[in-house]
There are 2 protein chains.
Amino acid sequence: MTSKAAILGQLRSEILNLELKPGSILSETALSERFRISRTPLRDVLKQLAHEGYIDVYPKRGNLVSYIDLESVEQMIYLRSTLEKDILGNLASGSAALPLRGTLELKEILEKQEEAIREEQAHETFLHWDDAFHKKLFALAGRGYLWDLIQQSNVHYARYRRLHMLKKEKLEAILAEHRLLLDCVLRRDASRIAELVEHHLHEDINAAYLQENFADYLNMSKPDSLKPASGAEENIES
Amino acid sequence: MTSKAAILGQLRSEILNLELKPGSILSETALSERFRISRTPLRDVLKQLAHEGYIDVYPKRGNLVSYIDLESVEQMIYLRSTLEKDILGNLASGSAALPLRGTLELKEILEKQEEAIREEQAHETFLHWDDAFHKKLFALAGRGYLWDLIQQSNVHYARYRRLHMLKKEKLEAILAEHRLLLDCVLRRDASRIAELVEHHLHEDINAAYLQENFADYLNMSKPDSLKPASGAEENIES
DNA sequence: AAGGCTGTTCTTGTATACAAGAAAATCGAT
DNA sequence: ATCGATTTTCTTGTATACAAGAACAGCCTT
């Protein structure tokens, strides 16, 4: 656990699966002791995390694990929804036929997902194969580049999904929708895809429920005085 | 010119307007002398540039201004095309009416763009207002967040456009298309928007012409041995 | 002349000492 | 006890010395 890439991955996964709760302090000195590495390379890791939205940097005060930003969640859902409607539409309406190889890989993924449901403590595994399914669709449409791009700004949406999963055991429902979508593509029925994708991604973004049960995970847009750096402090503006 | 944000902006603009050509070396020591600042904060700036694709980092060898990646260009055009079709479609089909204020701002931008055409050496100014027009459309649809997100991965597309501009003086054509698009939205005619957006953004991605005239600006996918770091070197993987 | 070894000199990567800002704790006066 | 100024102690930001890898030049060998 000494390389920068390993540390980055470790912190990323701890933040994503909510072991590190929003608001937790990531101190440079503390982390440098934990990972037995000096502050300089560790700062590189924190910079990367900050750029991907995992942490908020308060200059000369500290780094906090970011609170889940529902605005970002809504925007990412819209982005994915719009793209996947188009992608699945193209795959279905057959200007380019779905190759047999791709079909098989998709079905394999869905089987893995079904297995994951049976396990207990299945959420992380299930989510992994859920992502794999959508990623494969992007890849088959020649849009893997965009999938990777989206993943770089996915912290808030990824954690939001995990909070929702905790409540509803609607894993079966999700899997069923995947099967339905694949069916439409294979039967070359583009007509229903738009509504299916729309419903699949907009898993009721129920802000009220979240604020009731996970208020301390969320970013309630408070006065600017409490917001992280974004201006001309000693920070880099993006 | 001592703050990190200023240096970042300076280098960004020099790379975007091709003063710093692809392949140019950005040495930490050289830059630290140029900007009278130590290597540590300067490395932060380079990290940011690397993350946004402005430079490629070859560990222990150097940092080169990235070559224009036509794959990225095509992906970004598709991304914007798909999003803007939906955005303009929504603005036109009127679930939410375009407010008077927004209409006026858009027309103002188009006037600025017309002024820019008359000036000589107009390209940079023209492009600025061109971006402003599209950005305003995103904002009016409540998608300013996504516009900003896209801008963070826009190096290759931005430079590609500048190379195209050098050849064709099709500034008037672009402006005319803007007027046409705005017209469709105001007249609530959503039918032609898709094809207009498609044509507007896919300004003939003529790879042959570029490779003929600007081969040394482009990233011809060479053998892996010449590619920048992306694996388990001493670098951070994204 | 060609090939390979070796040392020099580039580059970036890391560690650490110090500077500077912000918040908290302390101590004092009222 | 309460309020306020000062000091102390956190935090991150910066500078710099050193480590280590990569490329290059030169030389020697063949």
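The contact residues of segment A:123-152, meaning those that lose at least 20 Å² of 1.4 Å-probe accessible area when all protein chains sit together rather than their chain alone, are A:ARG143, A:TYR145, A:LEU146, A:LEU149, A:GLN152. Counting only DSSP beta bridges with both residues in the protein assembly as shown, the antiparallel share comes to about 85 percent. Among the residues of segment B:45-71, those with an accessible-area drop of 30 Å² or more from chain alone to full protein complex, heavy atoms and 1.4 Å probe, are B:LYS47, B:GLN48, B:HIS51. Structural descriptor for chain B: relative contact order 27 percent, calculated from alpha carbon pairs under 8 angstrom and at least 6 residues apart. Between copies, the label points at B:ASP183 (set 7 angstrom from Cα along Cα-to-Cβ) are spaced 4.6 nm, reported in nanometres from shortest to longest. Counting only GluC sites (Glu not before Pro) that sit in a DSSP loop (anything but H, G, I, E, B) with at most 12 other Cβ atoms within 10 Å, what is the longest stretch of chain B containing none of them? Value returned for the longest uninterrupted segment is B:20-118.
Under a Cβ-only charge scheme (Lys and Arg +1, Asp and Glu -1), can you give me the dipole magnitude of segment A:70-213 about the Cα centre, in debye to the nearest 20?
380 debye
Buried accessible surface for the B/A pair, both sides summed and rounded to the nearest 100, is 3200 Å² with a 1.4 Å probe. Accessible surface calculations at 1.4 Å, restricted to protein heavy atoms, place the protein assembly as shown at 50 Å² per residue. Could you pull out the pairs from A:LYS21/B:LYS47; A:LYS107/A:LYS135; A:LYS47/B:LYS4 whose alpha carbons sit more than 19 Å apart here? Correct reply: A:LYS21/B:LYS47. Taking each residue as 0.36 nm, the span from B:ASP148 to B:ASP183 lengthens on full extension beyond its C-alpha to C-alpha distance by 10.1 nm. Rolling a 1.4 Å probe over the protein heavy atoms of the protein assembly as shown, with every protein chain left in place, gives an accessible area that is 50 percent carbon and sulfur. With the label put 7 angstrom out from Cα along the Cα-to-Cβ vector, B:GLY142 ends up 3.4 nm from the copy partners, going from closest to farthest.
Just so you know, the Rg over Rh for the protein assembly as shown is 0.95, from Cα atoms, with Rh as the Kirkwood radius. When the convex hull of its Cα atoms is viewed from all sides, segment A:70-213 shows a mean projected area of 8.3 nm². Helix-only mean residue ellipticity at 222 nm, chain A, DSSP H runs n ≥ 4 weighted -39,500 (n - 2.57), per residue, nearest 500. What is it? Here the helix-only value at 222 nm equals -19500 deg cm²/dmol.
For the pair B:ALA207 and B:ILE117, the difference between a 0.36 nm per residue extended length and the Cα-Cα distance amounts to 29.8 nm.
The values are calculated or read from the model by the stated rules, or taken from the named source; none is laboratory data. Bear in mind the structure is a predicted one, so any value in this text is a computation, not a measurement. Counting neighbours? That spans all protein chains shown, and the Cβs are built from the backbone with ideal geometry, glycine included. The accessibility values were calculated without ligands, DNA or RNA, using every heavy atom of the protein model including side chains. Shrake-Rupley method; radii C 1.70, N 1.55, O 1.52, S 1.80 Å.
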